[in-house]
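Engineer: Sharing a structure, written as structure tokens. Questions coming.
The values are calculated or read from the model by the stated rules, or taken from the named source; none is laboratory data. Keep in mind it's a predicted model, so treat the numbers as computed, not measured. Neighbour counts are summed over all protein chains in view; Cβ atoms, including those assigned to glycine, are modelled from backbone coordinates with ideal geometry. The protein model used for the area step is the full one, side chains on, heavy atoms only, and it has no ligands, DNA or RNA in it. Shrake-Rupley method; radii C 1.70, N 1.55, O 1.52, S 1.80 Å.
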Amino acid sequence: GDSVTQMEGPVTLSEEAFLTINCTYTATGYPSLFWYVQYPGEGLQLLLKATKADDKGSNKGFEATYRKETTSFHLEKGSVQVSDSAVYFCALSVDTGGFKTIFGAGTRLFVKA
Amino acid sequence: GAVVSQHPSWVICKSGTSVKIECRSLDFQATTMFWYRQFPKQSLMLMATSNEGSKATYEQGVEKDKFLINHASLTLSTLTVTSAHPEDSSFYICSASQGTGNNQPQHFGDGTRLSIL
């Protein structure tokens, strides 16, 4: 079945460090890929998305590229800030006659000043 | 834009009580709404998909008589946890989508923390 696997956390980084959170997926058909972020005490919000192979989604300094050949959608940011501390969820959405979104387990990021 | 309001944000009640959670799309029409359950430090588990004017589609293992979902309009879906017990304590999150294609992102409510004593 369709699934999303992302690296386990927590990930702890110092401010201005480079961030990579790995995400790979399995899917029948041609999914759209998303990264959502959940800040402490808040609901999820869309961070970025990509809907076809080689698309790059970007927002707030984060970016991820839809890699069909490696079935990956790794999240990167060149210089993290304390305010980036949150839980990050990789997700895919597939057409099931309507559609269904499948989430990864989430990766908690702590950024130290 | 694309704001989803979920109410209440926190409920504490006695075992055996039924609890209703509302999910509203404030500035768009949501053809599809989703209900999730999130356990501590875990991912979201899809409970059901709700389409306006039709019966909800429940995921395997989710009791439809326990978790009643109504999607009466394009801006409102409700989840009622009937005869709630302590094991139903969890964080419930709704989301809504503006379109029907799989390229549409979901817009999430802030969640409802349900505690059953």
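Engineer: Among the DSSP beta bridges whose two residues both lie in the protein assembly as shown, what percent are antiparallel, rounded to the nearest 5?
Structural biologist: Numbers: 73 of 81 bridges.
Here the share of antiparallel DSSP bridges comes out near 90 percent.
Engineer: Got a number for the accessible area of A:Leu109? Probe 1.4 Å, square angstrom, nearest 10.
Structural biologist: Estimated to the nearest 10 Å², A:Leu109 gives 0 Å².
Engineer: Next question. GluC sites (Glu not before Pro) within segment A:56-93: which are DSSP loop residues with at most 10 other Cβ atoms inside 10 Å?
Structural biologist: Numbers: sites: A:Glu63, A:Glu69, A:Glu76; in loops: A:Glu69.
Hits after loop and neighbour filter: A:Glu69.
Engineer: Protein chains only, probe 1.4 Å: how do A:His74, B:His7 rank by accessible area, largest first?
Structural biologist: On the way: A:His74 65, B:His7 115 Å².
The most accessible residue leads, giving B:His7, A:His74.
Engineer: Label point 7 Å out from B:Cys13 along Cα-to-Cβ: which residues of segment B:69-90 have amide N under 17 Å?
Structural biologist: Zone members listed by number: B:69-70, B:77-90.
Engineer: Run the dipole for segment A:1-110 about the Cα centre, Lys and Arg Cβ at +1, Asp and Glu Cβ at -1, nothing else charged, and hand back the magnitude in debye, nearest 20.
Structural biologist: On the way: 9 positive and 12 negative charges, 43 e Å.
With Lys and Arg at +1 and Asp and Glu at -1, about 200 debye.
Engineer: Label-point separation (nm) for B:Phe39 and B:Ala72, each offset 7 Å from Cα along Cα-to-Cβ?
Structural biologist: About 3.4 nm, to one decimal.
Engineer: Just how many pairs of Lys in chain B have C-alpha atoms closer than 18 Å, counting pairs that are eight or more places apart or on different chains?
Structural biologist: Details: B:Lys14/B:Lys66; B:Lys20/B:Lys55; B:Lys20/B:Lys64; B:Lys20/B:Lys66; B:Lys55/B:Lys64; B:Lys55/B:Lys66.
Lysine pairs, 8 or more places apart or on different chains, close enough: 6.
Engineer: Identify the trypsin sites (Lys or Arg not before Pro) of segment A:27-77 meeting these criteria: DSSP loop state and at most 16 other C-beta atoms within 10 Å of the C-beta. Kindly include the intermediate steps, with their values, before the conclusion.
Structural biologist: On the way: sites: A:Lys49, A:Lys52, A:Lys56, A:Lys60, A:Arg67, A:Lys68, A:Lys77; in loops: A:Lys52, A:Lys60, A:Lys68.
When the trypsin sites (Lys or Arg not before Pro) of segment A:27-77 are filtered for loop state and at most 16 Cβ neighbours within 10 Å, A:Lys52, A:Lys60, A:Lys68 remain.
Engineer: Sticking with this one: Give me the net charge of B:Ser50's neighbourhood, meaning all other residues with Cβ under 15 Å from the Cβ of B:Ser50; Lys, Arg count +1, Asp, Glu -1. Don't skip to the answer; put the middle values down first.
Structural biologist: Values: positive: A:Lys100, B:Lys20, B:Arg24, B:Arg37, B:Lys55, B:Lys64; negative: B:Glu22, B:Glu52, B:Glu59.
Counting the neighbours of B:Ser50, the net charge comes to +3.
Engineer: When the Kirkwood radius is taken over all Cα pairs of the protein assembly as shown, what Stokes-Einstein diffusion coefficient follows at 37 °C and 0.692 mPa s, in µm²/s?
Structural biologist: Details: Rh = 18.1 Å.
D, rounded to a whole number, is 181 µm²/s.
Engineer: Still on this structure, I have one more. What is the mean projected area of the alpha carbon convex hull for chain A, to one decimal in square nanometres? Provide the component values of the computation, followed by the final result.
Structural biologist: Details: hull surface 27.3 nm².
Seen from a random direction, the Cα hull of chain A projects 6.8 nm² on average.
Engineer: For B:Lys64 and B:Lys20, calculate 0.36 nm times their separation in residues minus their Cα-Cα distance, and state this gained length in nm to one decimal.
Structural biologist: Details: separation 44, 0.36 × 44 = 15.84 nm, distance 1.44 nm.
So the extension gain works out to 14.4 nm.
Engineer: Which of the lysines could a cross-linker span from A:Lys49 if the Cα-Cα distance has to be under 23 Å and same-chain partners fewer than 8 positions apart are dropped?
Structural biologist: Once the sequence-local lysines are set aside, what remains near A:Lys49 is A:Lys60, A:Lys68, A:Lys77, A:Lys100.
Engineer: So, one more: Could you pull the Rg and Dmax for segment B:5-117, using just the Cα atoms, both in Å?
Structural biologist: Answer for segment B:5-117, Rg first and Dmax second: 13.3, 41 Å.
Engineer: Binned at 10 Å from 0, what are the whole-percent values of the Cα-Cα distance distribution for segment B:1-62, short to long?
Structural biologist: Result returned by the calculation: 17, 43, 36, 4.
Engineer: Considering Cα pairs under 8 angstrom that are at least six residues apart, work out the relative contact order of segment B:1-107 and quote it in whole percent. The partial results should precede the final answer.
Structural biologist: Working: 222 pairs, mean separation 36.2, N = 107.
34 percent.
Engineer: Over the heavy atoms of B:Ile12, what accessible area does a 1.4 Å probe trace out, to the nearest 10 Å²?
Structural biologist: Accessible surface of B:Ile12 is approximately 110 Å².
Engineer: A follow-up question, please. What average number of partner chain Cβ atoms lie no more than 10 Å from the Cβ of the residues making up B:105-111? Write out the running numbers ahead of the final one.
Structural biologist: Working: counts 11, 9, 4, 7, 2, 5, 5.
Mean partner-chain Cβ count within 10 Å for B:105-111: 6.
Engineer: On a 1.4 Å probe surface of the protein chains, which of A:Asp55, B:Asp110, B:Asp88 comes out largest in accessible area, and what is the full order? Each step should come with its number before you reach the end.
Structural biologist: Working: A:Asp55 40, B:Asp110 100, B:Asp88 10 Å².
Sorted descending by solvent-accessible area, the residues read B:Asp110, A:Asp55, B:Asp88.
Engineer: Just check segment A:1-67 against the gyration tensor rule for me: Cα atoms, a ≥ b ≥ c as the square roots of the eigenvalues, rounded for a/c under 1.5, and otherwise prolate or oblate depending on whether a/b exceeds b/c. Walk me through the numbers before you get to the answer.
Structural biologist: Numbers: a/c = 1.66, a/b = 1.53, b/c = 1.08.
Here segment A:1-67 falls in the prolate category.
Engineer: Sticking with this one: Under the classification rounded if a/c is under 1.5, otherwise prolate if a/b is larger than b/c and oblate if not, where does segment B:75-117 fall, given a ≥ b ≥ c as square roots of the Cα gyration tensor eigenvalues? Mind showing how you got there, number by number?
Structural biologist: Working: a/c = 3.33, a/b = 2.59, b/c = 1.29.
Because a/c hits 1.5 or more and a/b exceeds b/c, segment B:75-117 counts as prolate.
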